[in-house]
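Read the figures in this text as sums done on the coordinates, not as results from a lab. No experiment lies behind these values; they were computed from the predicted model shown. Note: ideal-geometry Cβ built from the backbone for every residue, glycine included; neighbour counts use all protein chains shown.
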Amino acid sequence: MEIAPMDVKTLIIHPEKCNNCKDCITACIESRSSLSSPGLSCIRIMEDKVDEFFFPVACKQCENAPCLAACPKEAIFRDDEVDRVIIDRQKCVGCGMCVSACPFGAMKVEKQKAKSYKCDLCSGDPVCVKVCEPMALEYAGMEMLKYPNMAHIAGKMAWARRT
């Protein structure tokens, strides 16, 4: 069953609303029963403490996912039914090629098991969104990605990554 583009939802980030409370990180850690190491979160917050700018970072579920192309074991694939990039942890060898390929820093390797992991949107019900009181995280249709201040925010994110 193919989904219409309007039905596809993704994690929308509103960094201007983020107050760095880290509730999203805590909720993610608590919900990740598939990961064995404590403290593993699929979301992180980049910080620019000078300008008090915080940017939550999670997998963007890229249409042409660089992590997918970089995986030598074909452990990363796009599930067309839910329109998400998924990792088959049985096939993953933990080489880290996907980590190197991700331009957003959203891919990680669980060192204890030598397996890659990333946000999978909690199978369509992201816990990080539920706990985000300032509403910096939203689970909405792809059309919401095209909001006017995207270029401004992208510039701030690029600056934060350099520091």
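For GLU110, enumerate residues with amide H under 5 Å from its amide H, sequence gap 5+ or separate chain, H modeled in the peptide plane.
Amide H neighbours of GLU110, under 5 Å, 5+ apart: LYS115, SER116, TYR117.
Please list 3J(HN,Hα) in residue order for segment 12-25, calculated via the Karplus relation 6.51 cos²θ - 1.76 cosθ + 1.60 where θ = phi - 60°; whole Hz, with x for glycine and proline.
9, 10, 10, x, 5, 9, 5, 10, 6, 6, 6, 4, 5, 5
Measure of size requested: the Rg and Dmax of segment 1-135, with Cα atoms as the atom set and Å as the unit; please supply both.
15.0, 48
In the neighborhood of PRO66, defined by Cβ-to-Cβ distances under 14 Å, what is the net charge if each Lys or Arg adds +1 and each Asp or Glu adds -1?
+2
Need one number: nm distance between label points at GLU74 and VAL8, each 7 Å from Cα along Cα→Cβ, rounded to one decimal.
2.2
Mind checking the full-extension length gain between LYS130 and LYS17? Use 0.36 nm per residue of separation minus the Cα-Cα distance, one decimal, nm.
Working: separation 113, 0.36 × 113 = 40.68 nm, distance 1.49 nm.
Once the chain is fully extended between LYS130 and LYS17, it gains 39.2 nm.
Can you list the lysines whose alpha carbon is less than 26 Å from that of LYS49, not counting same-chain residues fewer than 8 positions off?
List returned: LYS17, LYS22, LYS60, LYS108, LYS118, LYS130, LYS156.
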